[in-house]
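*Asks:* This is the structure, below, for whatever I ask next.
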Ligand code: GLU
């Protein structure tokens, strides 16, 4: 069992709101058990803190987007009774604020234009420490410079103390991709700050992205929210479920079983929801009996897809 979730803070809250959480799915497939766990877990923690819970669609990765998935994810959230406390924001309409952040990083000398291809970086295992491009390209990427010795430490509200040498483990990372798309790391940091998110609660597959996000917050002089990473939902063979693989979507037409499974994966007592026959009743019972300190720590997660830059052409 992990340490207490709520009071453990790695940094001051990011806005005047006491607690503002969020769920930020990428529309790369239908809602599945893992994303329902992140949605329900972040919703429960926000309500337990008397706070708000906002939904944001992270649709900056055009090549991986599945047509209609965002609308189906929102319809599924509605069927599961998980309502956003603010109008849903879509990242695809926010180029201007990402560009502003990128311009600031370029002007400050923190970001640089990079012509390296994936092939150029094979010798360093895909990690960029300095440019080794064999040729210039018309469509260079923009990266954040990560100086040698850059170590980020933070306390995760569920997984406990974390530490990463970002220069060695990640290297200079992409902010704007060679295909023109905004990188997840930049968009998520800009939006969490812009929306005054105080508490980021999400799946443990994103735990190792958090040091990059804290580094970017510091480079942009933005506040750092509290972070809590939920355990991963595994399939019967012990593999992580991902939106992009063959994971079965949860069935919005029959929401109670999936909510009960997510509740169990959050370490909560099954009997607390036993009597509920409607979603609304189940959510009331869940809010009443939710115990944050029962959430288990996750297994060692495989890195999320956001950590790999599939789109740098060779
Ligand atoms: N959009 C990301 C995903 O669907 C989650 C981002 C986040 O919660 O920070 O995996």
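Read the figures in this text as sums done on the coordinates, not as results from a lab. Given the structure is predicted, the values throughout are model-derived calculations rather than measurements. For neighbour counting, all protein chains shown are included, and Cβ atoms are generated from backbone atoms with ideal geometry for every residue, glycine included.
*Asks:* Taking the beta-carbon count within 10 Å as an exposure proxy, list 92, 42 from fewest neighbours to most.
*Replies:* Ranking 92, 42 by Cβ neighbours within 10 Å, fewest first, gives 92, 42.
*Asks:* What is the mean projected area of the alpha carbon convex hull for the chain, to one decimal in square nanometres?
*Replies:* About 15.8 nm², averaged over all directions.
*Asks:* What order do you get for 293, 199 when you list them from fewest to most C-beta neighbours inside 10 Å?
*Replies:* Details: 293 12, 199 28.
Fewest-to-most ranking of 293, 199: 293, 199.
*Asks:* A further question on this structure: Project the alpha carbons of region 13-121 onto their principal axes and report the range along each, largest first, in whole Å.
*Replies:* Computed over region 13-121, the largest-to-smallest principal extents equal 46, 36, 25 Å.
*Asks:* Can I ask one more? Return the calculated 222 nm mean residue ellipticity for the chain, to the nearest 500 deg cm²/dmol, obtained by summing -39500 (n - 2.57) across DSSP H runs with n ≥ 4 and dividing by the residue count.
*Replies:* -8500 deg cm²/dmol
*Asks:* If we count other beta carbons within 10 Å of each Cβ, what is the order of 224, 150, fewest first?
*Replies:* Fewest to most other Cβ atoms nearby, the residues stand as 150, 224.
*Asks:* While we're looking at this one, here's another question. Just to compare against my own numbers: the Cα pair-distance distribution for region 69-186, 10 Å bins, whole % per bin, please.
*Replies:* Percent of Cα pairs in each bin: 11, 30, 28, 22, 7, 0.
*Asks:* How long is region 21-62 along each principal axis, judged by its Cα atoms, biggest number first, in Å?
*Replies:* 35, 20, 8 Å, listed from the longest principal axis down.
*Asks:* May I ask you to give the average projected area over all directions of the convex hull of the Cα atoms of region 126-208, in nm² rounded to one decimal?
*Replies:* On the way: hull surface 27.0 nm².
Projected area, direction-averaged: 6.8 nm².
*Asks:* I would also like to ask the following. Cα axis of helix 33-48 to longest principal axis of the chain: angle in degrees, 0 to 90, nearest 10?
*Replies:* Taking Cα atoms only, the helix is inclined about 70 degrees.
*Asks:* Hey, another quick one. Taking the DSSP beta bridges in the chain as the whole, what percent of them are antiparallel, to the nearest 5?
*Replies:* 55
*Asks:* Also: Of all DSSP beta bridges located in region 18-177, what percent are antiparallel, nearest 5?
*Replies:* Working: 13 of 20 bridges.
That works out to approximately 65 percent antiparallel.
*Asks:* Now, a different point. With a point put 7 Å past each Cα toward its Cβ, work out how far residue 133 is from residue 107 in nm, to one decimal.
*Replies:* 2.4
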